[in-house]
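A short worksheet on the structure shown next.
The values are calculated or read from the model by the stated rules, or taken from the named source; none is laboratory data. Just so we're clear, the structure is a prediction, and the values are computed from it rather than from any experiment. As a convention, Cβ positions derive from the backbone with ideal geometry for all residues, glycine included, and neighbour counts pool all protein chains shown. For the accessible areas, the whole protein counts, side chains as well, though only heavy atoms, and no ligand, DNA or RNA atoms are used. Shrake-Rupley method; radii C 1.70, N 1.55, O 1.52, S 1.80 Å.
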Amino acid sequence: MSHQQNKQTKTKTTEQKKSIPEHLQGMNKEERRQYYQNLHSKKGKPQKKPQKQKQQKKTETNKGGSNVPEHLKGMTKEERRKYYQKQRELSGGQQQKQQKQQKQQKNKKVQKKQAQKPKKMTKEERKKYYEQLNKQKQEQKKNWNQNYQQGKQKGQKSQDNKQKQKTQTKQKETQKKQPKTNKTQQLSDPRTRTLTSITSHISPFQQPTTKESGVEFSESVIHPLTIELSLKFSSGKIGGTTGRCIALLNLLKILIREVTVRARFSEDVVKMLNRNLDYLIKHRRFSYTMFSVIRTVKEWVSRVDSLEVKEAKIKICSQIDEFLRKHIYDAEEEITEIAWKKIKPGDVILVYANSRVIEKILKKAHQNEISFRVVVVDSRPMNEGKKLLKKLDNYGIKCSFCELNAISYIIKEVTKVFIGVAVILSNGSAVGRIGTAIVAMIAKRSRVPVIVCCPSFKLSKKVQLDSLVSNEHGDPKKVLTTKNSKSVKIQNLPSDMDVICLLWDVTPIKFISLVITEYGLLPPTSMQVLIREFKDF
Amino acid sequence: MQNKNTINNIVDEFVRKVRRAEITDSYQCAVQTWKILKLIVTNCSEDKLLKKTEMFGKMLTNANPLEMSIGNMVRRLSSIINKELGERKVTKNAKREELESTKEEKEKKPNKIKINQAKNNNLLQISPPLRNLHRSKSLSDFLTKTTQTTLPSTLNNTLFSHLNEKSLKSVVQKQMVDVEEELKFTYDAISEQGIDLIHANEIILTFGYSKIVLELFKEVYKMRKFEVVVAESSPSYSGHKMAEELSKLEIPTTLINDSAIFSIMSKVNSVIVGTRYVMANGGLVAEIGINNLAVAAKIHALPFIVLFGNYQLSPYFPYDQDTFNIMRSPDEIFDQSEMKNLSENAQIINPQHDYVPPELITLFINNDNGHQPSYIYRILQEHYSAQDLVLQN
């Protein structure tokens, strides 16, 4: 090492003396050194600095600097020279090998390769080696998350900075382009626009697909009937509130019947139910009645632990059957019995969208040979009135059909309005299909009584003053697709345009005249009493 | 004459287009009728002005009686002519009075002579009191019956020809040019007033497509930033077009269904709407569905603002949904393929217009100014003369 450097220095000193540039000839060595130091510092080559300085220092001092080995420090230059000459004479060809090895050692790549070469180890050494490797991997895994997040934050910060710079430049450009006005306000960001921000708490619409995540055919199995139901819900084949409740209850019966219980009955059943219901809810949000039904079934399940598995299953299935019979089928029959008598001959009855109960009422009245006619009102986006029109027409009832916009045209002929409902709240207002509020409002204005028919399982303790507090988003495509071919397509929606498709509506209590439940005819103000006194669940 | 033939051809073409509903926009109808009327006036002698306007007016309005903008423009013209004639008569009578007052001073019986003279001159108008020529008009002018004015040609030529410094025709043509300019600048005049209606960061609800409303939003958005909610109006779905055009102007818009009007009304600040026609009692004959908006706005105590141009003012009194309504084809609501499954008893109803009573409207905005609905009859008076309220056959 040392003798090579000495060689280099010797060669350099001779070269330096010969090749001093013209602009530096007047300077001393020290001045030249300072000049070169400044140059090197500007160029930013710190690594070479100390080496060059050391080399320059060596030329000055004859007694060894830092690079002289210990066993040779005492000697002067000439003595060292003789020592090295002797060694060269002794070792002829070995110098080249030594030089090669030294060069290789300098190269880092070669060092790595040598490290990667498998060393000859015994079994024990290999075991230890692999244990160390595993430990290192585990530590890396633990640290990976931290490192990843740190890296993310750094990346985000840099991206944010970039975006900020971009927006700043854009703002400057736009400010220059805009004409000067007295009152300039910032353009509202479309994402923070008020109407869409008001409805942002409502979960957005989910497209119906079968590629839902979570269907892993391993420990967690989802019953094929839930998958079938989920598709029916999302496509709209099973639509109304009672219809969905009935379908859900039947599904729960089948699930509970087919459950395999390993440990406790209640735990396993609840787990299984949660799995299936989580899958179902992704396709279409449950209504309030469905949530309350699920709650009651889970309560029944929790009370049945004392019994054997078979008996428990039988009990719960019978409870579900009783619920269906009592609260849905029998209730609907009683309501029809009460309500069809309210239809007098010569009546013109207005009906909005589709409802099971009201269809039954009108059918029964027609069967009892009362002469009346029906006006069916329909609206977008769901267009459910057309189904009801077809059914009533098949029964032989005289029907007319119009759209929601034309209701103020047709209300002068109407004597009574019958409405079906999703939920009746404890403050007496009703949650129904979107548009029922308009029907009730116009009927009230024309002094036509509004009659709401609903079974008692649709009553809830909830209170809601506003339609936007809890609602459901529908498919925005339904708003945009029209018979006109010129309407906007959802792919080409311009940036400043938004589409909102709401599905539910709150009709305030002042528009409702009468509520018909299986317990009788009641004003809307006594709904809270019904909930308190009569509701089982 | 060649002029007559060309005019007849033009009129026939226009009538044909209106009958086939190739022109449905009431503004376009008004503009084109005014052009035709201008042609008629230029190619007509002064004697026959009124007759010709009546004749062509009948032809034009019978093309589509429900397209009231045509009738309104015809009324404008005839009212211009009649007012001019009335004023000339007033000046004539005033001068006659001056001539005769010298005689009266001698005879000292002014009133009786006037009445006698009026009775003698059956052809002349029973005009309002002659003293105040520039008196503002009152209800009595609106309600008094007036016979038709036809000046006998002798009077015109001989005695009082020196009174007519400008010919009738030139005056009428000047006023027609004024009306044409007013038509042209309706959008600008209305949109200037928009800044009094809208404050910053407001949410405004509209219904369907209306060019007047678009222009107003365009003008106001330069000064103040706000947001618009558009209700697609079925079955025409013109709301989609409106939303598209608004978003091109970089106004943030949201499109909703008609059924969502009530649920969103509580979050909205005001309702601004255009109509088809404004009627004499202050009510509207508008696109189907606007009555729902008006009632909902009343319940939520929001201002319901209506923009209209003078060509939309019509002097009829509706009281009902049926009086100025027409039924459209059920195809627009119901697919024909589904209709086959229905029995004969089923009816499908698709009316075109909706009547909004004046109690539901808070403000009308016109070319000139903002008005209460109870003031609309006065504007009618200004534009149309009393005898033209019902176009005589």
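Structure summary
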| item | result |
| --- | --- |
| Hey, A:LYS52 modelled with pLDDT under 75 and either open to solvent by 100 Å² or more (accessible area, probe 1.4 Å) or not β-branched (Val, Ile, Thr) (or both) or not | yes |
| Hits in the range B:339-374 (condition: acidic (Asp, Glu), open to solvent by 50 Å² or more (accessible area, probe 1.4 Å) and within 12 Å of another protein chain (Cβ to nearest Cβ)) | B:GLU344, B:GLU359 |
| Qualifying strands (runs of 3 or more DSSP E) (wholly inside the range A:397-466; at least 2 residues being within 14 Å of chain B (Cβ to nearest Cβ) and open to solvent by 10 Å² or more (accessible area, probe 1.4 Å)) | A:398-403, A:430-433 |
| Selected residue (only one of B:VAL285, B:VAL228 is at the interface with chain A (Cβ under 10 Å from one of its Cβ atoms), among the hydrophobic types (A, V, I, L, M, F, W, C) and buried (at least 23 other Cβ atoms within 10 Å of the Cβ)) | B:VAL228 |
| Among (1) within 12 Å of chain A (Cβ to nearest Cβ); (2) in a loop (DSSP other than H, G, I, E, B); (3) not acidic (Asp, Glu), the one test that B:PHE317 misses | (1) |
| Exclusive hit being among the hydrophobic types (A, V, I, L, M, F, W, C) and within 45 Å of the chain's Cα centre (by Cα), set A:ILE361, A:ILE338 | A:ILE361 |
| Exclusive hit being without any contact (Cβ under 8 Å) to a residue 60 or more places away in the chain, buried (at least 21 other Cβ atoms within 10 Å of the Cβ) and part of a loop (DSSP other than H, G, I, E, B), set B:ILE251, B:ILE264 | B:ILE251 |
| Selected residue [open to solvent by less than 20 Å² (accessible area, probe 1.4 Å), more than 9 Å from chain B (Cβ to nearest Cβ), of a type in the set (Val, Ile, Thr) and farther than 24 Å from B:SER266 by Cβ] from A:ILE531, A:ILE490 | A:ILE531 |
| Count of residues meeting criterion [within 9 Å of chain A (Cβ to nearest Cβ) and of a type in the set (S, T, N, Q)] in the range B:262-282 | 2 |
| Count - residues of the range A:263-312 that are of a type in the set (A, V, I, L, M, F, W, C), in a helix (DSSP H, G or I) and within 26 Å of A:THR241 (Cβ to Cβ) | 14 |
| Complete set of residues in the range A:382-396 that are touching a strand residue (DSSP E or B) at 6+ places or on another chain (Cβ under 9 Å) and either closer than 20 Å to A:ILE442 by Cα or in a loop (DSSP other than H, G, I, E, B) (or both) | A:MET382, A:GLU384, A:GLY385 |
| Total residues in the range B:234-261, condition under 28 Å from A:ARG433 (Cα atoms) and at the interface with chain A (Cβ under 7 Å from one of its Cβ atoms) | 16 |
| Residue among A:LEU514, A:LEU521, A:LEU480 that alone is within 14 Å of chain B (Cβ to nearest Cβ) and of a type in the set (A, V, I, L, M, F, W, C) | A:LEU480 |
| Within the range B:193-220, tally of residues that are open to solvent by 50 Å² or more (accessible area, probe 1.4 Å), over 20 Å from the mean Cα position of the chain (by Cα) and not hydrophobic (A, V, I, L, M, F, W, C) | 5 |
| Complete set of residues in the range B:176-186 that are in contact (Cβ under 8 Å) with a residue 40 or more places away in the chain and open to solvent by less than 70 Å² (accessible area, probe 1.4 Å) | B:MET176, B:VAL179, B:GLU180, B:GLU182, B:LEU183, B:THR186 |
| Any hit, the range B:298-306, residues being surrounded by fewer than 21 Cβ atoms within 10 Å (Cβ to Cβ) and within 10 Å of chain A (Cβ to nearest Cβ) | yes |
| Only listed residue being touching a Leu at 6+ places or on another chain (Cβ under 9 Å), at pLDDT below 95 and either loosely packed, with under 15 Cβ neighbours inside 10 Å or in a helix (DSSP H, G or I) (or both), chosen from A:LEU362, A:LEU324 | A:LEU324 |
| Unique match (being under 37 Å from the mean Cα position of the chain (by Cα), open to solvent by 10 Å² or more (accessible area, probe 1.4 Å), more than 8 Å from every other protein chain (Cβ to nearest Cβ) and not hydroxyl-bearing (Ser, Thr, Tyr)) among A:ARG356, A:ARG373, A:ARG380 | A:ARG356 |
| The range B:46-55, residues that are in contact (Cβ under 8 Å) with a residue 40 or more places away in the chain and either in contact with a Lys or Arg (Cβ under 8 Å, 6 or more places away or on another chain) or part of a loop (DSSP other than H, G, I, E, B) (or both) | B:GLU46, B:ASP47, B:LEU49 |
